[in-house]
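Heads up, the thing below is written out as structure tokens.
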Amino acid sequence: MNHKWLAIGLAISLASIEGTTHAQSSTTKVKLKNGQVLEGTVLEDLSGGGVRLILVTGETRDIAGGEIVTIARPGQEPIVVVQPAAAEPTVAPAPPAPADGTLGGPGESCRARSDCREGLGCFHDVCATGETADERPPSVGLGSDDAADEVEPKPRGDGIDGLYGGGFAGGAVAPAFPGVAGVGGATGFFGWRSGAFDLRVGFGGFGATFPNGTLGFAAIRPEVLFFVAGPYGFGFGLGPCIGYYEDSWFGGGLLYGGFTTATPVALRFEAGSAFIEPSLSAGAIFGSIEQANGELLARPAVLLGLAVYSK
């Protein structure tokens, strides 16, 4: 009789152990990053590695993938949930400068003024007008690390399209048979520039000495300049002049003629709100003297001068 009850008890114990093992193998264990372990049945796999779980307590809970360390499904080893790395934001590259010979419009990239259409300059590698280029974003606080990045250098030698005015003073010596000649004087001028084209009109007086004579004259001299490579360019001018000439060969008298120059070098740089332009011009003073019986007089002239002007 005792053996009978012992067998029944052993059978009940084995059944209990088998039922417990079956119950444990039919649940999923989810370990969270905070150390908590949740146990239940998976109702649905969520995007991003998460799951919807009905717990053994009867509660339904959605668990995001970012909260999970491992998931142990029934009959499987724990699996580590790895989150995909966040994609780095992409930055659109700046549009390249035109490579087919076409000129850039407002807002397009550039390397020099010649890359932009007429009426536009190249400011901070972007084609724009002078007014647009002067606009700046609001400045940052003095304590900001980005303060130095917000300060952009002002373009030098650009943004001078339009009308301007100024003055010129200079002089030089030039070889003239049988010695040297010297010219000196000053003019005021006004001008207009658009892109590479610059038209200037000067009006003033000059004096000159030659081996055989002296003269003084007043001149109005239009000058055309072309700036083909930044501040470097060339120009030429020709205008009427009138004055008095004294010469040991011709005598003295009224000079009526012209003053012509060619300017192979024209440097320009900015100084505050004005522009300074040292230049070298070579040319000739020519005309007729009233006592010279209509003979044509021509004398060399070289001017090494300094122009200062502003809008």
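The values are calculated or read from the model by the stated rules, or taken from the named source; none is laboratory data. Note that the coordinates shown come from a computational prediction; the quantities given were computed from them, not determined experimentally. With ideal geometry, Cβ positions are generated from the backbone for all residues, glycine too; neighbour counts draw on all protein chains shown. All accessible areas refer to the heavy atoms of the entire protein, side chains included, with ligands and DNA or RNA removed. Shrake-Rupley method; radii C 1.70, N 1.55, O 1.52, S 1.80 Å.
Restrict the check to segment 36-50 and report whether at least one residue is closer than 13 Å to V81 by Cα, in contact with a Gly (Cβ under 9 Å, 6 or more places away or on another chain) and of a type in the set (S, T, N, Q). Within segment 36-50, one or more residues are closer than 13 Å to V81 by Cα, in contact with a Gly (Cβ under 9 Å, 6 or more places away or on another chain) and of a type in the set (S, T, N, Q).
Going by the structure shown, is G237 of a type in the set (G, A, S), surrounded by 15 or more Cβ atoms within 10 Å (Cβ to Cβ) and touching a strand residue (DSSP E or B) at 6+ places or on another chain (Cβ under 6 Å)? Talk me through it step by step, then tell me what you get.
Numbers: of a type in the set (G, A, S): yes; surrounded by 15 or more Cβ atoms within 10 Å (Cβ to Cβ): yes; touching a strand residue (DSSP E or B) at 6+ places or on another chain (Cβ under 6 Å): yes.
Taking the combined requirement at face value, the residue satisfies it.
All but one of (1) at pLDDT below 85; (2) of a type in the set (G, A, S); (3) within 20 Å of K311 (Cα to Cα) hold for G105, so report the exception by its number. Result: G105 fails condition (3) only.
Counting only residues that are among the hydroxyl-bearing types (S, T, Y) and surrounded by fewer than 16 Cβ atoms within 10 Å (Cβ to Cβ), which one in segment 242-275 is nearest to the chain's Cα centre (by Cα)?
So the first thing to find is which residues in segment 242-275 are among the hydroxyl-bearing types (S, T, Y), and the list is 244-245, 248, 256, 260-261, 263, 273.
Add one more test, that the residue is surrounded by fewer than 16 Cβ atoms within 10 Å (Cβ to Cβ), and what stays is 244, 248, 256, 273.
Details: Y244: 53, S248: 61, Y256: 51, S273: 21 Å.
So the residue we want is S273.
Would you call L163 open to solvent by 30 Å² or more (accessible area, probe 1.4 Å), of a type outside the set (D, E, K, R) and within 28 Å of G119 (Cβ to Cβ)? Taking the combined requirement at face value, the residue satisfies it.
The lone criterion from (1) modelled with pLDDT of 75 or more; (2) surrounded by fewer than 10 Cβ atoms within 10 Å (Cβ to Cβ); (3) of a type outside the set (F, W, Y) left unmet by A86 is number (1).
Quick check: anything in segment 280-296 out of contact with any strand residue (DSSP E or B) (no Cβ under 6 Å at 6 or more places or on another chain), open to solvent by 30 Å² or more (accessible area, probe 1.4 Å), of a type in the set (A, V, I, L, M, F, W, C) and within 30 Å of G162 (Cβ to Cβ)? No, segment 280-296 contains no residue that is out of contact with any strand residue (DSSP E or B) (no Cβ under 6 Å at 6 or more places or on another chain), open to solvent by 30 Å² or more (accessible area, probe 1.4 Å), of a type in the set (A, V, I, L, M, F, W, C) and within 30 Å of G162 (Cβ to Cβ). Can we say R200 is within 30 Å of D161 (Cβ to Cβ), surrounded by 15 or more Cβ atoms within 10 Å (Cβ to Cβ) and free of Cβ contacts under 8 Å to residues at least 40 places away in the same chain? Judged against the criteria, R200 is a match.
Inspect segment 43-50 for any residue being open to solvent by 60 Å² or more (accessible area, probe 1.4 Å), assigned to a loop (DSSP other than H, G, I, E, B) and at pLDDT 75 or above and give the result as yes or no. Walk me through it before giving the result.
Taking segment 43-50 as the starting set, the residues that turn out to be open to solvent by 60 Å² or more (accessible area, probe 1.4 Å) are 43-45, 47.
Then keep just the ones that are assigned to a loop (DSSP other than H, G, I, E, B); that gives none.
Within segment 43-50 (the criterion being open to solvent by 60 Å² or more (accessible area, probe 1.4 Å), assigned to a loop (DSSP other than H, G, I, E, B) and at pLDDT 75 or above), the answer is no, since none of the residues qualifies.
Pairs linking a residue in segment 210-221 that is closer than 20 Å to A174 by Cα to a residue that is surrounded by 22 or more Cβ atoms within 10 Å (Cβ to Cβ) and hydroxyl-bearing (S, T, Y), with Cβ atoms under 6 Å and 6 or more positions apart or on different chains, are L215/Y245. Scanning segment 230-245 turns up at least one residue that is in a strand (DSSP E or B), touching a residue at least 40 places away in the same chain (Cβ under 8 Å) and over 30 Å from S310 (Cβ atoms).
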